[in-house]
1. Any chance you could count how many residues in the range 50-77 are more than 16 Å from the ligand (Cβ to nearest atom), part of a loop (DSSP other than H, G, I, E, B) and among the charged types (D, E, K, R)?
2. When you go through (1) within 21 Å of GLY121 (Cα to Cα); (2) within 14 Å of the ligand (Cβ to nearest atom); (3) surrounded by fewer than 23 Cβ atoms within 10 Å (Cβ to Cβ) one by one for SER190, which number turns out not to apply?
3. Can you tell me how many residues within the range 241-269 are in contact with a strand residue (DSSP E or B) (Cβ under 6 Å, 6 or more places away or on another chain) and either away from the ligand (no atom under 16 Å from the Cβ) or outside any loop (DSSP other than H, G, I, E, B) (or both)?
4. Considering ASP282, ASP250, which residue is surrounded by fewer than 24 Cβ atoms within 10 Å (Cβ to Cβ), at pLDDT 95 or above and of a type in the set (Asp, Glu)?
5. Among the residues of the range 117-171, count how many are over 22 Å from ASN39 (Cα atoms) and not in a helix (DSSP H, G or I).
6. Give the range 216-259 a look and list any residue that's of a type in the set (Phe, Trp, Tyr) and in contact with a His (Cβ under 9 Å, 6 or more places away or on another chain), or say none.
7. Quick one: which of ASP49, ASP105, ASP58, ASP77 is under 24 Å from ASP282 (Cα atoms), among the acidic types (Asp, Glu), touching a residue at least 12 places away in the same chain (Cβ under 8 Å) and crowded, with 21+ Cβ neighbours inside 10 Å?
8. Quick one: what pairs do we get from the range 393-405, first residue polar (S, T, N, Q), second in a loop (DSSP other than H, G, I, E, B), C-beta under 7 Å, 6+ apart or different chains?
Amino acid sequence: MTIKRWMPPLMLVAGMLAGANASAQKFDGLAATPQMGWNSWNKFACNIDEKLIRETADAMVKLGLKDAGYEYVNIDDCWHGERDKDGNIAPNAQRFPSGMKALADYVHGKGLKLGIYSDVGATTCGHHPGSRGHEYQDALTYARWGIDYVKYDWCDSKGLSAAGAYATMRDAIHSAGRPMVFSMCEWGESKPWEWAKDVGHSWRTTGDIYACWDCEVNHGSWSSLGVLRILDKQAGLRVFSGPGHWNDMDMLEVGMGMTEDEDRAHLSIWSMMDSPLILGNDLRSMPESTRKILTNRAVLSINQDKLGVQAWRFLNEGPLEYWAKPLANGEWAFMVLNRGAQAVKLGYDWRQHDVSDDLSNRAIDLSKGGYKWRDAWTGKQGDTSKPLEFNIAAHSVVLLRLTKG
Ligand code: GLA
């Protein structure tokens, strides 16, 4: 009798534990290559509405960005209205009068996916309702709306452990049952690369980006960082990156005021580093030169390479840095970055450098004919039998794909 009386509660507890374990995971199979898309923050900040999102989705299709691989249309901060008496979040009714479900349907109708933004705290960075205490409810709401991507920020996080807060939202998303990419935006503060492989599909490694080559802009309690400042903060992180769990160097600033050489270098660096490629400019009005940069297949294919091994810097010489990234099928991506403000005449003799990677167990192998190379930006071709000779402009890169000859 006694045993019988205690059976149901025990079974219940066991069932609950099994249920909890079943949800203690992220959705697998998402972001097998770094996520590609667009986000409203860099250009529009809080000045967003459903018209902008629809027009951006239209532009992504019409201008060939979708065909080039950009997939997610992500709404950042400030989409929120208030919570109702039951705690359910709704979008701002003036800015999103048709509601999020209708917007998701529209974006899906274009063959694209819709992303949304929330925060671990009670309030977001823009002082809108965050998900603290509403994680499961919000994840369920997003799933009902048809959301495909959740960026989860770290403002108002006092007293929270990052690992705990992000795992809670991961579990909430998983139990909501709709596959959603989980993009952790914790700015690298608690070294998420060390603990978040099974939590997020990507994690920000730094504070916010700024559209400059090498500046740091002080905002009081935090500062934003130019392209090189962010690159320099990636030292030692490549071992933590791989399919489904990427180091996120923040959204792109291509088309946001840097020179075209800087824009090309920025996209090249983010591609070599396997960072998510999330556009931040106004796609509806970008010049053709920007569109061409953003849709360069030779560059994007380096970022989207199936092997998913992040580049490493194997050499610096004055203002020049040399980076290599092993690609699938025995190929390599090879980048020379000129950080400096002067053009440099580059002469690189392939035979004088041993480029081998302990992480992937691969080496640039010059035996048996070496490699043919093709410049991802100019289409120029050559091979490794002769030294590489280039005039490399200030703040620019040479980016090559090496294929066994
Ligand atoms: C933080 C994030 C940014 C952006 C803003 C929105 O600064 O790092 O990417 O989402 O909040 O308020």
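1. Looking only at that region, the number is 1.
2. Every listed condition holds for SER190 apart from (2).
3. 6
4. Going through ASP282, ASP250 in turn, just one is surrounded by fewer than 24 Cβ atoms within 10 Å (Cβ to Cβ), at pLDDT 95 or above and of a type in the set (Asp, Glu): ASP282.
5. Of the residues in that region, 9 qualify.
6. First, the residues of the range 216-259 that are of a type in the set (Phe, Trp, Tyr): 222, 240, 246.
Within the range 216-259, just TRP246 meets the criteria.
7. Every option except ASP77 fails the conditions.
8. THR403/GLU331
The values are calculated or read from the model by the stated rules, or taken from the named source; none is laboratory data. Worth saying up front: this structure is predicted, and the values here are computed from it rather than measured. Here Cβ is always computed from backbone atoms with ideal geometry, including for glycine, and neighbour counts include all displayed protein chains.
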